[in-house]
Amino acid sequence: MADNGLNIFNEIAREYDLWYEDNAIFLNELNALKLATSTVGLGPGVSIEIGVGSGRFAHALSIGFGIDPAIEPLKISRSRNIFVVQARAEAVPFKSRTFDSVFFITSLCFVDDHIMALREAARVVKKGGLVIVGLIPGESPWGVFYQKKKEEGHKVYRHARFFNSEGLILLAMKEGLLLKSAVSTLFQPPNAREYISEAPKNGAAKGAGFHVLVFINDNA
């Protein structure tokens, strides 16, 4: 992410963190992540979130480590007892095969080099470990909604790039990450007057505004 993008996340760190409070969108995404990790039997191993931000997801999912290039959100993560390091997704400052699982949760769209980020995730996760990607599919109504915000110059989303899930699966496969399972949520429209709780569904459903893709590391 360019420096001006980092400046935005530093400036709005507290405001962005407060967005999660009693927010049905966050809770729906969190429930989808919980279903995805429970379905594959993810245990209490050592996990890291790449693009941890203020640590809302990491704290809720008991992810112990996190990296992010923006320092102000990391200060909030640290207050949630997450071990954090200021670093970019393209250069994860940990030894190879350190983690049992690696998470990208709505963060891959803000990475400059997503291929290098996936490569780094494949490097630091153990053989047979999991890389879990939570994303807003670019082809979904939610992806279209945020893409329009990007085109209108939104201070946050103008720095984002939204991926189609199928394309991301193919990119991950080239890095030795094989799709194991998927979960979907956010079937309600992105401009609803009020967002409601949803039960997540297995599979990468078309039209869903949030997919959780669970990959297994097949690298030696």
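The values are calculated or read from the model by the stated rules, or taken from the named source; none is laboratory data. Because the structure is predicted, anything quoted here is derived from the model rather than measured. All Cβ positions, even for glycine, are placed from backbone atoms using ideal geometry, and neighbour counts span all protein chains on display. Surface areas here come from the heavy atoms of the whole protein model, side chains and all, with no ligands, DNA or RNA. Shrake-Rupley method; radii C 1.70, N 1.55, O 1.52, S 1.80 Å.
Quick notes on this structure:
- Checked against the criterion of being in contact (Cβ under 8 Å) with a residue 40 or more places away in the chain, farther than 26 Å from residue 161 by Cα and aromatic (Phe, Trp, Tyr), segment 77-84 has no qualifying residue.
- Conditions (1) in a strand (DSSP E or B); (2) on the phi > 0 side of the Ramachandran plot; number of the one not met by residue 97: (1)
- Candidate set: segment 38-51, residues that are open to solvent by less than 10 Å² (accessible area, probe 1.4 Å) and hydrophobic (A, V, I, L, M, F, W, C); chosen: the one farthest from residue 106 (Cα to Cα): 48
- Going through (1) hydrophobic (A, V, I, L, M, F, W, C); (2) under 18 Å from the mean Cα position of the chain (by Cα); (3) not in a helix (DSSP H, G or I) one by one, residue 142 falls short only on (3).
- Of all residues in segment 3-42, those satisfying the criterion of being among the hydroxyl-bearing types (Ser, Thr, Tyr), over 18 Å from residue 158 (Cβ atoms) and touching a residue at least 12 places away in the same chain (Cβ under 8 Å) are 20, 37, 39.
- The one condition in (1) of a type outside the set (Gly, Ala, Ser); (2) more than 23 Å from residue 12 (Cα to Cα); (3) modelled with pLDDT of 95 or more; (4) surrounded by fewer than 19 Cβ atoms within 10 Å (Cβ to Cβ) that residue 33 fails to fulfil: (4)
- Considering residues of segment 160-186 that are in contact (Cβ under 8 Å) with a residue 12 or more places away in the chain, assigned to a helix (DSSP H, G or I) and open to solvent by less than 40 Å² (accessible area, probe 1.4 Å) only, the residue farthest from residue 196 (Cα to Cα): 172
- Those residues of segment 145-159 which are among the charged types (D, E, K, R) and not in a loop (DSSP other than H, G, I, E, B), in sequence order: 148, 149, 150, 151, 158
- The set of residues in segment 187-204 being among the hydrophobic types (A, V, I, L, M, F, W, C), in contact with a Ser or Thr (Cβ under 6 Å, 6 or more places away or on another chain) and surrounded by fewer than 17 Cβ atoms within 10 Å (Cβ to Cβ) is empty.
Condition check ((1) of a type in the set (S, T, N, Q); (2) within 26 Å of residue 69 (Cα to Cα); (3) touching a helix residue (DSSP H, G or I) at 6+ places or on another chain (Cβ under 6 Å)) across all residues:
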| position | (1), (2), (3) |
| --- | --- |
| 144 | no, no, no |
| 148 | no, yes, no |
| 158 | no, yes, yes |
| 184 | yes, no, no |
| 207 | no, no, no |
| 210 | no, yes, yes |
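- Single match in 48, 67, 12, 82 (criterion: of a type outside the set (Phe, Trp, Tyr) and within 18 Å of residue 213 (Cβ to Cβ)): 48
- For segment 187-214, the candidate set comprises residues that are more than 17 Å from the chain's Cα centre (by Cα) and not in a loop (DSSP other than H, G, I, E, B); within that set, the residue that is farthest from residue 173 (Cα to Cα) is 201.
- Of all residues in segment 58-88, those satisfying the criterion of being under 19 Å from residue 134 (Cα atoms), open to solvent by 10 Å² or more (accessible area, probe 1.4 Å) and hydrophobic (A, V, I, L, M, F, W, C) are 60, 61, 65.
- When segment 112-146 is filtered for residues that are among the β-branched types (Val, Ile, Thr) and open to solvent by less than 20 Å² (accessible area, probe 1.4 Å), the ones remaining, listed by number, are 124, 125, 131, 132, 133.
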